[in-house]
Amino acid sequence: MKREDVRNIAIIAHVDHGKTTLVDELLKQSGVFRANQEVQERVMDSNDIERERGITILSKNTAVYYKNTKINIIDTPGHADFGGEVERVLKMVNGVILVVDAFEGAMPQTKFVLKKALELNLDVICCINKVDREEARPNEVIDEVLELLMELDANDKQLDCPFIFASAKAGWAARSLDDERVNMVPLFETILDYIPAPEGDPEKPTQVLISTIDYNEYVGRIGVGKVDNGSLKVNQEVALVNAHDPDKFKKVKISKLYEFDGLNKVEVNEAQIGSIVAISGIADIHIGDTLCSPEHPEPIPFQKISEPTLSMNFIVNDSPFAGQEGKYVTSRHLRDRLFRELNTDVSLRVEETESADMFKVCGRGELHLSVLIENMRREGYEFAVSKAEVLYKEDENGKKLEPMELVYVDVPDEFSGAVIEKLSMRKGELLNMNPSGTGYTRLEFSIPSRGLIGYRDEFMTDTKGNGILNQLFDGYGPYKGDIQYRTMGSLIAFETGEAVAYGLFNAQERGLLFIGPGERVYSGMVVGQNPKNLDIEVNVCKRKQLTNTRASGSDDALKLTPPKVMSLEQALEFIDTDELLEVTPEHLRIRKKILD
Ligand code: GDP
C-alpha cells in the first residue's frame, strides 16, 4: 500500500547554505505557525557548537502540511558521520532535498551524505538557494551539481532530477529563473510530484526500525522510526528485536506514541505505514531495534554501528582551584553526565577505570570527542582530559591493525604543498590531486587516524584559515609504523603564584605536561580555537594519577615528548621568554602566542 498522504524527505546542505531558513519558511507557509507569530527559534541546528564548527550532529524532525499531505522533513548530519547515523536517517525517507548556495555552489562536505542517498536509490530535488544574492550564479551551480551527481551516481539515475530556484530568505521558490517569484508552492508541489509516497504492507506483521534516539529528562528515552509494515497502536504488545542479535528479544507494551507536527510531537493512538513515529516509555529501546509483532519477531537489517576508534580519559579536576570554571566538578557529576550521553550517542563508549576519578571515553575520532568536551564545558562541567589515543586491533594472525581515514582537503593552490608535506609526514598517502582551476586544489589522502590527531589546528595555521578538511572513517588497516613528527613542541613556563612550573608543550597533541617544584605535577590542555593565540588551561593533578594516564599511551607522539623532570636552571635554557604573553596565576592560565 502507498501512503499518498505522506512524504518523507531528508535535507542535505552545507552549513550556511540556508537549510534552516528554508525549513522555517516551509513551516510558516504550511500554516503551522499562526499568523503574526514570529519564528524566533531556529528550527534546526539548535546545538550552537554544531553551528560554530559547521556541522550538524543530531538529527531532528519537523513535519509540515501541504494540501492534504504531511511532509516529514528530517535533518541529516552535515559533515562527519559519527556512527552510521546518516544511513539510518536516510532509511526513513524516500527522497532528499539538496540545498545549494547559488553563489558558493556544491561543497565537498555534502558529498558523503549525497553519496549515501544515491546508494540507497533515493530521489533528489536540488534546490538552488539564495538566488537573490547579487553574486548568484545559478546556472553555473546547476552544472556543478550535475557534475557531482555524475561522479557519485553509479547509474546516472538522478541526472534528470528537478532543479528548483529559491530565496528561502525572501520566501519564494520557482521552477525556472523566469517564473514568477511568489511563495514556496513550487517546492511543495515538486516534493509531492517527484518524491514517492512511502510504501508498506498494512496486513503484514508490525515492523518499525528505530533509527534515532531522543532523550528527554522527563520521559527518558524516545525511539524514532518509520512504520515499515503493519501498524502501531497504543497498548499493543511488541517485541524489541535487534538484527545483530535476533534471538534475544523482549516483549514490551507501547504506552505512548507520537507523530511529528511542526516542531512538536503530538500523541496519537495509532500510526500507519509510512508514518514517522516517536515512542516513549520503553526504557531500554535502542537504535537498530525493530518493534515487531511478537508472533513474527523479524527484525529489519541495518548497518552495524561503527565502532569507536579513539579514546580519551576524562579526569576529575582535583586541583585547589577546582570549581572556578564550572559548576560540576565531582566524579559523580562527571560520571552521570558521561553515561547520560550514551542515551543518544550510539557511537560513544564510556568505561570506568581503576581510578574513580577517571573515565575512559571512546568515540569516532577527535572531532567527535572534542564536540562532547566543548558541550560539557559549556554546560558547566569542569574536568581535565588526557590526549587522544587510537584504539588498535589485531587481525586473526595477531598482526596489529589501526583505524584509517580518508581525508578530503580543499585548499588555495599555494598551500597544497604544505598540506601534502605535513600529511605525508603523518603517514598520509596522497590518492588524488585535482586543481579546480579556480584557485583551489582538492587533495585526497588515506591516512592512519592517529596521523590526524592534533592536525586540524596545524592545518588552519598552514592554510591561513582558508582550507576545508573532511575525514571519513575507512575501516581498520595494517599498522603503518611510527610517525616521526618534525616539530617537537616547545618548552614553556609559567608562574603559579607559589613557584614556576615548566614543561613541554606539544602543539600536535594539544597536550601539556608540567613538572613543578616539589614534584607537583601539572597537566593541562589547550582550549580555545584560535591557532595563533592558544589559551592553555592547566590543572594540578596528583602525580600518580597523571603518570598512569600518560604511561598507558602507546602512541608514538608520547615517545617523542616524554615527561621530563629537570631543574629550573636546566629548563630555563629552553624557554623562549617571547612566548610568555600573559600570566594569570589565580587561574593557572597562560596565553601562548605562536609567532609566525
Ligand atoms: P543553514 O546553516 O544551512 O541552516 O543556513 P541558515 O538557514 O542558517 O542560513 C545561513 C545564512 O544565510 C543566514 O544568514 C540566512 O539569513 C542566509 N540565507 C538563507 N537563505 C537565504 C537566501 O535565500 N538568500 C540570502 N540572501 N540569504 C539567505
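The values are calculated or read from the model by the stated rules, or taken from the named source; none is laboratory data. Small disclaimer: the values here were computed from a predicted structure and weren't measured. Backbone-built Cβ (ideal geometry, glycine too); neighbour counts: all protein chains shown.
In the stretch 131-156, of all residues being aliphatic (A, V, I, L, M) and near the ligand (Cβ under 9 Å from one of its atoms), the one that is nearest to residue 29 (Cα to Cα) corresponds to 131. Give me the residue from the stretch 403-422 that is aliphatic (A, V, I, L, M) and assigned to a helix (DSSP H, G or I) and, out of that set, modelled with the lowest pLDDT. Filtering the stretch 403-422 for residues that are aliphatic (A, V, I, L, M) and assigned to a helix (DSSP H, G or I), the one modelled with the lowest pLDDT comes out as 418.
If I filter the stretch 197-218 down to residues being exposed (fewer than 14 other Cβ atoms within 10 Å of the Cβ) and in a loop (DSSP other than H, G, I, E, B), which single residue comes out as farthest from the ligand (Cβ to nearest atom)? Applying the filter and picking the extreme gives 203.
Being touching a Gly at 6+ places or on another chain (Cβ under 9 Å) and surrounded by fewer than 17 Cβ atoms within 10 Å (Cβ to Cβ) holds for only one residue in 364, 377, 340, 442, and it is 377. What tally of residues in the stretch 273-292 results from selecting those that are of a type in the set (Ser, Thr, Tyr) and either farther than 10 Å from residue 241 by Cα or at pLDDT below 90 (or both)? Counting residues in the stretch 273-292 that are of a type in the set (Ser, Thr, Tyr) and either farther than 10 Å from residue 241 by Cα or at pLDDT below 90 (or both) gives 2.
Go through the stretch 1-23 and give me each residue that's within 9 Å of the ligand (Cβ to nearest atom) and in contact with a helix residue (DSSP H, G or I) (Cβ under 6 Å, 6 or more places away or on another chain). Scanning the stretch 1-23 gives 11, 13, 14. Of the listed requirements (1) of a type outside the set (Val, Ile, Thr); (2) surrounded by fewer than 21 Cβ atoms within 10 Å (Cβ to Cβ); (3) assigned to a strand (DSSP E or B), residue 396 misses just one: (3). Failed condition for residue 187, given (1) outside any helix (DSSP H, G or I); (2) surrounded by 21 or more Cβ atoms within 10 Å (Cβ to Cβ); (3) at pLDDT 95 or above, with all others met? So the condition that residue 187 fails would be (1). For the stretch 240-253, the candidate set comprises residues that are under 31 Å from the mean Cα position of the chain (by Cα) and among the hydrophobic types (A, V, I, L, M, F, W, C); within that set, the residue that is modelled with the lowest pLDDT is 243.
Screening residue 159 against (1) within 22 Å of residue 138 (Cβ to Cβ); (2) out of contact with any helix residue (DSSP H, G or I) (no Cβ under 7 Å at 6 or more places or on another chain); (3) away from the ligand (no atom under 16 Å from the Cβ) leaves a single unmet condition, (2). Among residues of the stretch 165-179 that are within 12 Å of residue 101 (Cβ to Cβ), those with a Cβ under 6 angstrom from a residue that is near the ligand (Cβ under 6 Å from one of its atoms) and part of a loop (DSSP other than H, G, I, E, B), sequence gap 6+ or separate chain, pair up as 167/132; 168/18. Note on the stretch 353-390: residues that are charged (D, E, K, R), outside any helix (DSSP H, G or I), within 23 Å of residue 306 (Cβ to Cβ) and at pLDDT 80 or above total 3. Considering the stretch 99-130, the residues that are acidic (Asp, Glu) and within 14 Å of the ligand (Cβ to nearest atom) include one that is surrounded by the most Cβ atoms within 10 Å (Cβ to Cβ), namely 101. Scanning the stretch 167-176 for residues that are part of a loop (DSSP other than H, G, I, E, B) and either of a type outside the set (A, V, I, L, M) or in contact with a strand residue (DSSP E or B) (Cβ under 6 Å, 6 or more places away or on another chain) (or both) yields 168, 169, 171, 175, 176. Residue-level check: of (1) touching a residue at least 60 places away in the same chain (Cβ under 8 Å); (2) assigned to a strand (DSSP E or B), residue 266 misses just (1).
May I ask you to verify whether residue 168 is over 19 Å from residue 87 (Cα atoms) and crowded, with 23+ Cβ neighbours inside 10 Å?
Yes.
A search for C-beta distances below 8 Å between a residue of the stretch 87-100 that is in contact (Cβ under 8 Å) with a residue 40 or more places away in the chain and any residue that is within 16 Å of the ligand (Cβ to nearest atom) and hydroxyl-bearing (Ser, Thr, Tyr), counting only pairs 6+ apart in sequence or on different chains, returns 89/59; 89/76; 90/76; 96/76; 98/110; 100/110.
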